Structure formats: structure tokens, C-alpha cells
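Enquirer: Dropping a structure here in C-alpha cells format, bear with me for questions.
The values are calculated or read from the model by the stated rules, or taken from the named source; none is laboratory data. Note that the coordinates shown come from a computational prediction; the quantities given were computed from them, not determined experimentally. Cβ sites come from the backbone with ideal geometry, for glycine too, and all protein chains shown count toward neighbours.
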Amino acid sequence: MTNPIKNQTNILEKLNIEKLNAMQEEAQNTILSSPEMVLLSPTGTGKTLAFLLPILAELTIDCDEVQALIVVPSRELAIQIEQVIREMGTGYKANAVYGGRAGSKDKSEIKHRPAILIGTPGRIADHLRRENFSAEFITTLVLDEFDKSLEIGFETEMKEILALLPKVQKKILTSATQEAKIPGFVGLKNPIILNFLDQKTSQLTLKTIAATSQDKLETLVDLLCHLGNQPGIVFCNFKDTIQEVSDFLTKNNIDHGCFHGGMEQKDRERALIKFRNGTHRLIVATDLAARGIDVPEIKFIIHFQLPLKEHEFTHRNGRTARMFSDGTAFILKGKNEILPDFTENAAMEVLSESPKPSASPWKTLFVSGGRKDKISKGDIAGLFMKQGKLGNHQIGTIEIKTDCTFVAVHASEVNRLISLVDNSRLKSKKVRVTVVE
């Protein structure tokens, strides 16, 4: 089928993608030709791009209302999809709405209607209920990771959303798990199901490490030393365990971030930003980080505690060995701990004595100006290089948000840089520059 999307090559170039994979090609063609599709594909295979490209192709340029609605289980996934659409540079407006921030901020952002609205079920249902935007022009509905939204208790809100969308002509459901059951309230009549779950595009290695004690903390540090300066995630089941692990890592001078549902939304976002830009190479997380978050290529994950269900084990493992890359999942086995059957393919690994991972060369700076101030990445880089006297290699990832910006800078230059650029004028705004602790 001929692809009707104009400038798709340019979009892929902006996203640093050479070409679509087989799943993305088939999903795109199916969405363009069919009113109902269920896409089953592993975490990390590019489902977001698979549905965004055909959605963008079918938007009406001269419509000033929301045309496509994407419902997601987590705030992080909403923010990630919004960011991907911005990076595609199509000219279509997209906004993410989600719990954990003031509803007035949502209303302000969607006053000028986005063509695509992304959000969590509770917040989307609330906006529809209050008629904060018209549902009359929404013809495409995506339930991304729909099984996860149901699993965490959003069935009532999802039913309400479906009931409040009178003109939907196209429904797209996605999941990364084989067990996902399509809920009857979605009203699918004859969906095309694309199942790519069995297609291996990467090589995952499973290994078990026998801990010397029941609490496993000393062995975790030994394993992190063994792995060195690679990026990875340590998974725990509870936020209290994360605190315990975090305290022990801090005591042993191992830099890391934390990520769990008990954290403020701002702190969760900043933890991911610092992980993406290399300020932290390690993040300690609950299953909230098992899918639907935007993180860089990860070389390993560690199950400090194993999840209760096999499919969550699979989702955690899916954070590494993504998109044709290799990766390793380590299982920390406590003294006298009996491992579940789903770990039986994991080979035993003996750790070598190794030095502590070195500190990251990067620090993250906060700049109090963003997209709404018409500030671009080039503006930030220009300020830091000209006035701040940084070399090109001393500036890392720049992430521009609506009202602020985060910049990775060589740690050795941070204090000198702040003294030179804090309170500088950027475009029409005087900006503060501070370290994100």
C-alpha cells in the first residue's frame, strides 16, 4: 500500500530512525485500511510510532478541535508520546493531560485545541465530563497498553470515555502481553489482530546471582561493581524496599535515582530526565518503570525482588535487549529463597571482585524558561557556549519542556558556568540556572 504520509522520511530523520521495522510497517498499513486494530508487540519495539504515523496521516489540517484521543495508563507514557509528536515536527499540536498536576494547567494548555490529546483515563474522563473540549470531532481513539490501564483500576473511567465519544470511527488497542483480554465495553466488532509477541528482535540473557545473605544488599553492590559504568535498572516490588536499597547504595557511594508511584510527579519526571541524560546511570524502580516510559538503551536490569506474576517479569526484562540490542536480566536469589518456575532458564553467574562504578561525568541543570518562552535548544546551547564558555563536548542532552529546560553539563564546569549564565536574558526572559539535586 502506498504510504500517504507526506515527509515521512523527514520525520524518521528527526527521530534518528533509519527505517520502520516490519511490525511498524504492517501496523501502519492496517490502521490506514481498517477501522479496528489490536496490536500486540513486545515492549521496546516501537508501537508508539506504529500508530502515530497513520494517525497523523489522517488528521484534517483545517480542523481546530481535538481529532485523535490517546488514552494511556501512566503520566510518564502520556508525556513521552507528547514529546515524540513534538520531535516529529509535523506542525500538529499535541498535549498531554494527567493526574498529579493542576487541572487548570491542562485547561490553559488545551485552550488552543491540540489535534491530538494524550492522557490518563481519570484526567481524560474528567475533561470530557466537564466538556472542556468538544468530543464531536474525535474520530480516532487509541487505548495504548489498555491491559495495564484495566489492571490498575481504570475500567470505570475507560467505559465513561467510550460512552462520551459519539463520533469515533477508528479504534486502536495496543498491549505488550499475550494475556491481554479485549474488554467488551470497547465495542470492537471485527478487529484485525496483529501479534508480534513471538518475534525475537533481540537477545536477552537471564542470569541468577546467589546472594550471601537474606537481605541481598551486599550482593547487589558487588553485582553493580561487577557491571561497572553501564546503564541499568534495579527493580523492587515496594517503595519501602526502594528506600532501603537507595540508602544502602548512597552509603556505598553508588550514584542512582529512584522512581516509584509514591513520589511527586515533578520528582518522577526529574529522575527520568537525569537517567536519560546520563547524570544517573542507575535507577531503582518499581514495576511503574517496566513499560511505557522513555528511557535510553539499558544494558541490564536487576530483579532485586521478583514480581509475583510472570508477565510482569517479562515486561521488566523488556526494558533491556530492546530493538535488536543485547541485554542481561539478573535475578538476585536470597539465601534460602525459592525461585518461581518462570526463572528456570536463568544460568548461575559468579561475580568477580571489581572496583566501584565511577561517578557520572554529567550534572543536570534547570533553566527557568521553556517552549512557551520561544526558547529553543539552539538558544540554550548558544548561551552556555558563548557566555558560559563551554565547549561543544561539555554540553549533553537538552530537554525543553513547556515552562523550563533541563541540560546535562560536564560536572567539572557546573559552578563556573552558573556564575556566568545565571540571571541572563534569553529571548525576552531573564532565566535562573540552578543544579537539579
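Enquirer: When you look at LYS401, is it free of Cβ contacts under 8 Å to residues at least 40 places away in the same chain and within 24 Å of the chain's Cα centre (by Cα), yes or no?
Expert: Spelling it out, LYS401 is indeed free of Cβ contacts under 8 Å to residues at least 40 places away in the same chain and within 24 Å of the chain's Cα centre (by Cα).
Enquirer: Is it the case that some residue within the range 165-172 is in contact (Cβ under 8 Å) with a residue 60 or more places away in the chain, surrounded by fewer than 17 Cβ atoms within 10 Å (Cβ to Cβ), within 22 Å of the chain's Cα centre (by Cα) and not in a helix (DSSP H, G or I)?
Expert: The answer is no, given that none of the residues of the range 165-172 is in contact (Cβ under 8 Å) with a residue 60 or more places away in the chain, surrounded by fewer than 17 Cβ atoms within 10 Å (Cβ to Cβ), within 22 Å of the chain's Cα centre (by Cα) and not in a helix (DSSP H, G or I).
Enquirer: Enumerate the pairs (first residue in the range 62-78 and free of Cβ contacts under 8 Å to residues at least 60 places away in the same chain; second residue anywhere and part of a helix (DSSP H, G or I) and not acidic (Asp, Glu)) with beta-carbon separation below 9 Å, excluding pairs fewer than 6 apart on the same chain, so at least 6 apart or on different chains.
Expert: Cβ pairs passing all conditions: ALA78/ARG123.
Enquirer: Within the range 23-41, work out how many residues are under 16 Å from ALA68 (Cα atoms) and free of Cβ contacts under 8 Å to residues at least 60 places away in the same chain.
Expert: Final tally of qualifying residues: 2.
Enquirer: Separate question: Could you identify the single residue in LYS309, LYS356 that is at pLDDT 90 or above and of a type outside the set (Val, Ile, Thr)?
Expert: On inspection, the qualifying residue turns out to be LYS356.
Enquirer: GLY382 is checked against (1) of a type outside the set (Ser, Thr, Tyr); (2) in contact with a strand residue (DSSP E or B) (Cβ under 7 Å, 6 or more places away or on another chain); (3) surrounded by fewer than 17 Cβ atoms within 10 Å (Cβ to Cβ) and fails just one. What number does that condition carry?
Expert: With respect to (1) of a type outside the set (Ser, Thr, Tyr); (2) in contact with a strand residue (DSSP E or B) (Cβ under 7 Å, 6 or more places away or on another chain); (3) surrounded by fewer than 17 Cβ atoms within 10 Å (Cβ to Cβ), GLY382 is out only on (2).
Enquirer: So, in the range 142-164, how many residues would count as being in contact with a Phe, Trp or Tyr (Cβ under 8 Å, 6 or more places away or on another chain), crowded, with 22+ Cβ neighbours inside 10 Å and not aliphatic (A, V, I, L, M)?
Expert: Matching residues across the range 142-164 total 1.
Enquirer: Can you pull out the residues in the range 127-159 that are among the basic types (Lys, Arg) and part of a loop (DSSP other than H, G, I, E, B)?
Expert: ARG130 - this is the single residue of the range 127-159 that is among the basic types (Lys, Arg) and part of a loop (DSSP other than H, G, I, E, B).
Enquirer: Give ILE124, ILE118 a once-over and let me know the one that is surrounded by 17 or more Cβ atoms within 10 Å (Cβ to Cβ), at pLDDT 95 or above, part of a strand (DSSP E or B) and not polar (S, T, N, Q).
Expert: ILE118
Enquirer: Among (1) buried (at least 17 other Cβ atoms within 10 Å of the Cβ); (2) touching a helix residue (DSSP H, G or I) at 6+ places or on another chain (Cβ under 6 Å); (3) assigned by TED's automatic domain parsing to the domain that holds GLY318, which single condition is VAL234 missing?
Expert: (2)
Enquirer: Here is a further query. Which of the strands (runs of 3 or more DSSP E) found entirely inside the range 370-437 contain at least 1 residues meeting this: modelled with pLDDT under 95 and of a type outside the set (Asp, Glu)?
Expert: Strands (runs of 3 or more DSSP E) meeting the threshold: 395-400, 424-426, 429-431.
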